[in-house]
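J.: Here it is: the structure, laid out below.
The values are calculated or read from the model by the stated rules, or taken from the named source; none is laboratory data. Note that the structure is a prediction, hence the values are computed from the model and not measured. All Cβ positions, glycine included, derive from the backbone under ideal geometry; neighbour counts span all protein chains shown.
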Amino acid sequence: MAPLLDLQGVTKRFGGLIAVNNVNLAVDKGTITSVIGPNGAGKTTIFNTITGIYKPDEGDVHFDGQTIAGKRPDQITALGMCRTFQNIRLFHNMTVLENVMVGGHTQSKSTVLGAVLRTRSFKNSEEETRQEASRLLRFVGLPAGLGDQIAKNLPYGQQRRIEIARALASKPKLILLDEPTAGMNPQETESAIRLFRKLRDDLGITVVLIEHDMKVVMGISEYISVIDYGQKIAEGTPDQVRKNQRVIEAYLGRSAAAEIAAHEGAN
């Protein structure tokens, strides 16, 4: 079976800087995959290239059997892919429910004319979108009655969940999560891990995440790709990646990696 998401030789340049260099990445349907690497390695650039914010200078991106390189972000969303961002991008002066409904409008059958004339069809569609938004807020574990609160007034961890609920409103086949546990305390992180598993196990959504918390990565991932200086330097299961010498060097530096290897050899 072909991968749900398949990057083939993707390269992205910014002037003389090669941010992503000939990266291949395959994500099978129904899996949880992590993309890891040091700060500035090119991970978010890969996400931006996948989701249409950037167009690859070389290579191709396939999603669900078709080429998506060069398509606009809204076109890619309509095909069944959504994402969250490293920096939360909620509409801070809108309510929680309104934020999630924005995601649902990508699936709405309402027309501009219907919205202007406030037709019965438009009102019915809006009510369906509202009910689905409420259901998704419950699904991501937010307290009942939170929907009418202004998004910017909520704690960081809850804002992350709102962003995920908004992404889910577009009914994705695949969700890309960019550092979803950044800034969370240990309890929030554990709760987030359970939510990521629910996305896959309860909704059948394939999950790809960029994450710096290695406890999260090793605890939830079935497959890991490691990026350093824009190149993929390793991939495999958590156990394979954990023991990979190039990965240890990328995170700790060559001298520290050699010290660890020498210590392990002595024992």
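J.: Within region 42-101, which residues are polar (S, T, N, Q), in a helix (DSSP H, G or I) and surrounded by fewer than 17 Cβ atoms within 10 Å (Cβ to Cβ)?
T.: Matches in region 42-101: 75 only.
J.: Still on this structure: Here's a check for you: in region 126-147, which residue that is in contact with a helix residue (DSSP H, G or I) (Cβ under 8 Å, 6 or more places away or on another chain) and of a type in the set (S, T, N, Q) is modelled with the highest pLDDT?
T.: The residue in question is 134.
J.: Test residue 69 against the stated conditions and say whether it is small (Gly, Ala, Ser) and more than 19 Å from residue 171 (Cα to Cα).
T.: Working: small (Gly, Ala, Ser): yes; more than 19 Å from residue 171 (Cα to Cα): yes.
Answer is yes for this residue.
J.: Here's another thing I want to ask about it. Go through region 38-66 and count every residue that is closer than 21 Å to residue 219 by Cα and within 15 Å of the chain's Cα centre (by Cα).
T.: Qualifying residue count for the region: 1.
J.: Please give the number of the condition residue 23 fails out of (1) buried (at least 22 other Cβ atoms within 10 Å of the Cβ); (2) hydrophobic (A, V, I, L, M, F, W, C); (3) in contact with a Gly (Cβ under 6 Å, 6 or more places away or on another chain).
T.: All conditions pass for residue 23, except number (3).
J.: Also, quick follow-up: State yes or no: is residue 144 at negative phi and surrounded by 19 or more Cβ atoms within 10 Å (Cβ to Cβ)?
T.: Judged against the criteria, residue 144 is not a match.
J.: In addition: Go through (1) modelled with pLDDT of 95 or more; (2) outside any strand (DSSP E or B); (3) touching an Asp or Glu at 6+ places or on another chain (Cβ under 7 Å); (4) not β-branched (Val, Ile, Thr) for residue 13 and report which single condition fails.
T.: Residue 13 satisfies all of (1) modelled with pLDDT of 95 or more; (2) outside any strand (DSSP E or B); (3) touching an Asp or Glu at 6+ places or on another chain (Cβ under 7 Å); (4) not β-branched (Val, Ile, Thr) except (2).
J.: Filter region 198-211 down to the residues that are of a type outside the set (Val, Ile, Thr) and buried (at least 18 other Cβ atoms within 10 Å of the Cβ), then identify the one that is farthest from residue 26 (Cα to Cα). Step through it out loud before you land on a result.
T.: At the first step, the residues of region 198-211 found to be of a type outside the set (Val, Ile, Thr) are 198-204, 209, 211.
Filter again for buried (at least 18 other Cβ atoms within 10 Å of the Cβ), leaving 199, 209, 211.
Working: 199: 19, 209: 13, 211: 18 Å.
The qualifying residue farthest from residue 26 (Cα to Cα) is 199.
J.: Restricted to region 212-236, and to residues that are of a type in the set (Ser, Thr, Tyr) and touching a strand residue (DSSP E or B) at 6+ places or on another chain (Cβ under 7 Å), which residue is surrounded by the fewest Cβ atoms within 10 Å (Cβ to Cβ)?
T.: Result: 223.
J.: Mind checking which residues of region 148-174 are out of contact with any helix residue (DSSP H, G or I) (no Cβ under 6 Å at 6 or more places or on another chain), outside any helix (DSSP H, G or I) and among the aliphatic types (A, V, I, L, M)?
T.: Hits for region 148-174 are 150, 154, 174.
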